Amino acid sequence: MPQQYQTTLQRDVTFEGVGLHTGAHSRVVLAPAPQGTGLRIRVGGGAFRPLTAETVVETVRATTIAVGEQRVSTVEHLLSAVLGMGVDNLAISVDGPEIPVLDGSAKVFAEGIAEAGVLPQSAPRRRLVAIAPVYYRDGDRLLIVLPAASFRVRFTVDFEQPVGSQYFAAEIEPEFYRREVAPARTFGWLHEVEALRERGLAQGGTLDNAVVYDKNGPVNELRFPEEAVRHKVLDLVGDFALLGAYPQCEVVSFKSGHKLHALAVADLRRTLTSEDSAVANT
Ligand SMILES: [Zn+2]
């Protein structure tokens with residue numbers, strides 16, 4: 001049974017480090033926020049704006065959002081920890097062009113949130129309740145949203161070897177999320193790293209913040225045998241944080257990524273009809 005009431009943090013928490021793609025140093029502060037305000041974000045001391053699916057401007061390799069004139073990339077790991085740890089209302093201040101990559105997972109974000117403490121508020125939690133199946137498709141990528149009592153994800157990936165096919169299923173609630181999902185790191189292939197760098201991406205990428213595979217297997221030690229698919233679940237949770245409500249549904253994914261998640265979340269948001277709960281109806 002998911003929590004019934006909205007939550008925020010008990011105190012501020014700050015994260016600092018370099019961005020995976022730009023290599024630039026950045027800082028992000030999460031601060032408590034009043035009930036009913038949802039997730040709001042500001043960049044460089046500007047005005048706070050709602051952080052929802054409408055702010056997404058780019059979904060290649062990471063999710064990038066526009067905040068007024070500014071852009072912030074790689075928001076999905078931070079937002080994954082926010083939804084995974086069950087935080088509804090938050091004022092997020094960012095200094096820099098990208099959210100820090102830290103260890104390439106959401107572990108530091110989830111632990112920071114847990115240490116700051118999650119505070120229940122008095123208003124009922126805003127939910128998006130799926131009442132009928134709906135699916136989204138992009139070539140061989142598929143995302144199905146089904147009715148469920150709580151937010152669940154079942155994910156299948158089908159990569160080239162040595163990652164191969166992997167499957168992971170999870171109910172996204174704070175204890176499980178923090179232990180089994182948040183520590184799964186982003187990953188890539190050694191032969192792609194040069195190509196990425198030529199495109200100006202992965203400038204901050206090292207073996208300390210990503211799992212790198214060569215043709216024989218992972219170059220660094222894995223945290224879970226199926227760490228890659230767990231990271232895909234982590235990314236999906238981050239993209240669903242832009243729903244602006246608790247996703248009371250089961251999401252079944254085959255090979256989905258940021259682009260398909262953004263499309264689904266934008267569509268699901270259009271079905272939100274009331275302040276405190278809503279229905280996905282197709
Ligand atoms: Zn990721």
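Residues of segment 52-87 that are touching a residue at least 12 places away in the same chain (Cβ under 8 Å) and among the polar types (S, T, N, Q): T52, T55, T59, T63, Q70, S73, T74, S80. Scanning segment 216-255 for residues that are under 13 Å from the mean Cα position of the chain (by Cα), under 20 Å from A132 (Cβ atoms) and within 16 Å of the ligand (Cβ to nearest atom) yields one hit, F240.
Each row is one residue, and each column tells you yes or no for (1) touching a residue at least 12 places away in the same chain (Cβ under 8 Å); (2) hydrophobic (A, V, I, L, M, F, W, C); (3) touching a Leu at 6+ places or on another chain (Cβ under 9 Å).
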| site | (1), (2), (3) |
| --- | --- |
| L30 | yes, yes, yes |
| T37 | yes, no, yes |
| R40 | yes, no, yes |
| G45 | yes, no, no |
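Quick check on V101: is it closer than 16 Å to H25 by Cβ and within 15 Å of the ligand (Cβ to nearest atom)? Answer is yes for this residue.
The sole residue among A149, A116, A123 that is of a type outside the set (F, W, Y) and over 19 Å from Q10 (Cα atoms) is A149. Residues that are of a type in the set (D, E, K, R), away from the ligand (no atom under 16 Å from the Cβ), surrounded by 15 or more Cβ atoms within 10 Å (Cβ to Cβ) and more than 15 Å from the chain's Cα centre (by Cα) do not occur anywhere in segment 16-37.
If you filter segment 83-132 down to residues that are among the acidic types (D, E) and closer than 24 Å to A66 by Cα, you find that the one that is surrounded by the fewest Cβ atoms within 10 Å (Cβ to Cβ) is D95. Of the residues making up segment 73-104, those that are among the β-branched types (V, I, T) and within 14 Å of the chain's Cα centre (by Cα) are T74, V75, V82, V87, I99, V101. Taking the criterion of being over 15 Å from L143 (Cβ atoms), touching a Phe, Trp or Tyr at 6+ places or on another chain (Cβ under 7 Å) and basic (K, R), the only residue of segment 209-267 that qualifies is R230. Hey, any hits in segment 74-86 for a residue that's away from the ligand (no atom under 16 Å from the Cβ), in contact with a Gly (Cβ under 9 Å, 6 or more places away or on another chain) and under 26 Å from L260 (Cα atoms)? No: segment 74-86 contains no residue that is away from the ligand (no atom under 16 Å from the Cβ), in contact with a Gly (Cβ under 9 Å, 6 or more places away or on another chain) and under 26 Å from L260 (Cα atoms). If only residues of segment 156-190 that are part of a helix (DSSP H, G or I) and out of contact with any strand residue (DSSP E or B) (no Cβ under 8 Å at 6 or more places or on another chain) are counted, the one that is surrounded by the fewest Cβ atoms within 10 Å (Cβ to Cβ) is E175. In this structure, G205 qualifies as within 23 Å of the chain's Cα centre (by Cα), touching a residue at least 40 places away in the same chain (Cβ under 8 Å) and closer than 18 Å to S73 by Cβ.
Bear in mind that the values in this text are calculations on the coordinates, not laboratory data. Note that the structure is predicted; figures quoted are calculated from it, not measured. Virtual Cβ from ideal backbone geometry, glycine too; neighbours counted across all protein chains shown.
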